[in-house]
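The structure under discussion appears below in the form of structure tokens.
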Amino acid sequence: QYGGASADRDIGIPTFIYLHNVLPTIAGVASVGYKTVSSPADNTARYAQVLRTCTETRYIYLPTINNNYILLSGAWHSIGGFSNDKNVTYAHIHKVTYICHEYSFIQKLNEATMRLEIVDFKGLDTTKILGITHANNYLISYTKDTIHWSNILDSEDFIPQLKTRAGSIIPLHVRGAIVGCLPTSNGFVIFTTVNAVRATFSGDKDLPFKFEEVLNSGGIRTLEHVTNDNNHDTFYCWTKKGLQQFGKLNGSAEQLFPE
């Protein structure tokens, strides 16, 4: 029985109770399949990332326990460098791609030889660094509670001094342990286990970013639960409050499909 004010035209029409491996289309749904694009790598990897070079060439990068690979012409090629089972973040700044294995090393990709090289960062203990990102010509590194920014002219210099303006801060609005940071067009967003905080470029050389909590935002467990590497002006996040969206530059977090 329909309890509305008028007849429901969909009464009696079959509908879905449960679907798996499908995506919506204009006229309904379509099943999702898989296409093999390469042979398996030599070592098991938990995830892949897309890296871009200064010439805007893009590679699928595969970190594994024993090696690092890039997908070229349908095959995995070793690029050497340090590798372990830790989470990996990366940043592309000043025509250099940096790759960080959490609490281990930060490397850069030598595009001439297509090999990874370990970088000795000045003023930074990489064994205490959770991850990296980039924002407004700064290389950003972070721990569970602290944000570090580099010398604006030298991404590998984190020594705090008046001349270089490199420095660090423990943002007041961070209400949980930092999980990761993702760049925006005017700064970056800090994702924590409790909330999200925007870091917006201020133009002040002494304190280049101002911090503001994303109201109503929930905490996340991993950066893989946040959309990234797209040209949308919105982050979509799977949080401890459910599925949320919020603007990269402004606005509070909104619930999606709260039911």
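The values are calculated or read from the model by the stated rules, or taken from the named source; none is laboratory data. What you see is a predicted model; the values in this text were computed from it and never measured. Glycine also receives a Cβ, built like all others from the backbone with ideal geometry; neighbour counts cover every protein chain displayed. The accessibility values were calculated without ligands, DNA or RNA, using every heavy atom of the protein model including side chains. Shrake-Rupley method; radii C 1.70, N 1.55, O 1.52, S 1.80 Å.
So in the stretch 7-53, with the set limited to residues that are out of contact with any strand residue (DSSP E or B) (no Cβ under 9 Å at 6 or more places or on another chain) and basic (Lys, Arg), which one is modelled with the highest pLDDT?
Looking at residues that are out of contact with any strand residue (DSSP E or B) (no Cβ under 9 Å at 6 or more places or on another chain) and basic (Lys, Arg), I get 35.
Could you list all residues from the stretch 158-178 that are surrounded by fewer than 18 Cβ atoms within 10 Å (Cβ to Cβ), touching a residue at least 12 places away in the same chain (Cβ under 8 Å) and either more than 19 Å from residue 215 (Cβ to Cβ) or among the β-branched types (Val, Ile, Thr) (or both)?
159, 160, 168, 169, 170, 177
Which condition number in (1) in contact with a Gly (Cβ under 8 Å, 6 or more places away or on another chain); (2) more than 23 Å from residue 250 (Cα to Cα); (3) buried (at least 17 other Cβ atoms within 10 Å of the Cβ); (4) of a type in the set (Val, Ile, Thr) is the one that residue 192 fails?
(2)
Grab the strands (runs of 3 or more DSSP E) fully contained in the stretch 202-259, keeping just those with 3 or more residues being hydrophobic (A, V, I, L, M, F, W, C) and under 16 Å from the mean Cα position of the chain (by Cα). Quick ask: steps written out before the conclusion?
Details: elements: 209-213, 234-239, 242-247.
The qualifying strands (runs of 3 or more DSSP E) are 234-239.
Can you name the residue in the stretch 77-125 that is touching a residue at least 12 places away in the same chain (Cβ under 8 Å), among the small types (Gly, Ala, Ser) and not in a strand (DSSP E or B) and, of all such residues, is surrounded by the most Cβ atoms within 10 Å (Cβ to Cβ)?
83
Being modelled with pLDDT under 95 and of a type in the set (Val, Ile, Thr) is the filter here; which residues of the stretch 142-158 pass it?
152
Considering only the stretch 48-65, I want to know if a residue exists there that is out of contact with any helix residue (DSSP H, G or I) (no Cβ under 8 Å at 6 or more places or on another chain), touching a residue at least 60 places away in the same chain (Cβ under 8 Å) and not polar (S, T, N, Q).
Here is the first cut: in the stretch 48-65, the ones out of contact with any helix residue (DSSP H, G or I) (no Cβ under 8 Å at 6 or more places or on another chain) are 48-65.
If we keep only those that are touching a residue at least 60 places away in the same chain (Cβ under 8 Å) as well, we get 50.
Still in the list and also not polar (S, T, N, Q): 50.
Scanning the stretch 48-65 turns up at least one residue that is out of contact with any helix residue (DSSP H, G or I) (no Cβ under 8 Å at 6 or more places or on another chain), touching a residue at least 60 places away in the same chain (Cβ under 8 Å) and not polar (S, T, N, Q).
Condition first: at pLDDT 85 or above, open to solvent by less than 60 Å² (accessible area, probe 1.4 Å) and part of a strand (DSSP E or B). Now tell me which residues in the stretch 54-75 satisfy that.
59, 61, 62, 63, 68, 69, 70, 71, 75
Tally up the residues in the stretch 146-157 that are closer than 21 Å to residue 197 by Cβ, not hydroxyl-bearing (Ser, Thr, Tyr) and not in a strand (DSSP E or B), please.
To start, the set of residues in the stretch 146-157 that are closer than 21 Å to residue 197 by Cβ comprises 146-150.
Those still in the list that are not hydroxyl-bearing (Ser, Thr, Tyr) too: 147-149.
Now narrow it down to the ones that are not in a strand (DSSP E or B): none.
Of the residues in that region, 0 qualify.
State whether the residues of the stretch 142-150 include one that is open to solvent by 60 Å² or more (accessible area, probe 1.4 Å), under 17 Å from the mean Cα position of the chain (by Cα), hydrophobic (A, V, I, L, M, F, W, C) and within 30 Å of residue 58 (Cα to Cα).
Within the stretch 142-150, none of the residues are open to solvent by 60 Å² or more (accessible area, probe 1.4 Å), under 17 Å from the mean Cα position of the chain (by Cα), hydrophobic (A, V, I, L, M, F, W, C) and within 30 Å of residue 58 (Cα to Cα).
Counting only residues that are more than 22 Å from residue 222 (Cβ to Cβ) and crowded, with 21+ Cβ neighbours inside 10 Å, which one in the stretch 126-138 is modelled with the highest pLDDT? Please lay out each step first, then the result.
Let us first name the residues in the stretch 126-138 that are more than 22 Å from residue 222 (Cβ to Cβ), namely 136-138.
Those still in the list that are crowded, with 21+ Cβ neighbours inside 10 Å too: 136, 138.
Values: 136: 93, 138: 96.
Of everything passing the filter in the stretch 126-138, 138 is modelled with the highest pLDDT.
Of the residues 222, 227, which single one is among the β-branched types (Val, Ile, Thr), closer than 20 Å to residue 140 by Cα, out of contact with any Phe, Trp or Tyr (no Cβ under 7 Å at 6 or more places or on another chain) and surrounded by fewer than 16 Cβ atoms within 10 Å (Cβ to Cβ)? Let's see the steps before the verdict.
Values: 227 fails: out of contact with any Phe, Trp or Tyr (no Cβ under 7 Å at 6 or more places or on another chain).
Selected residue: 222, the only one of 222, 227 that is among the β-branched types (Val, Ile, Thr), closer than 20 Å to residue 140 by Cα, out of contact with any Phe, Trp or Tyr (no Cβ under 7 Å at 6 or more places or on another chain) and surrounded by fewer than 16 Cβ atoms within 10 Å (Cβ to Cβ).
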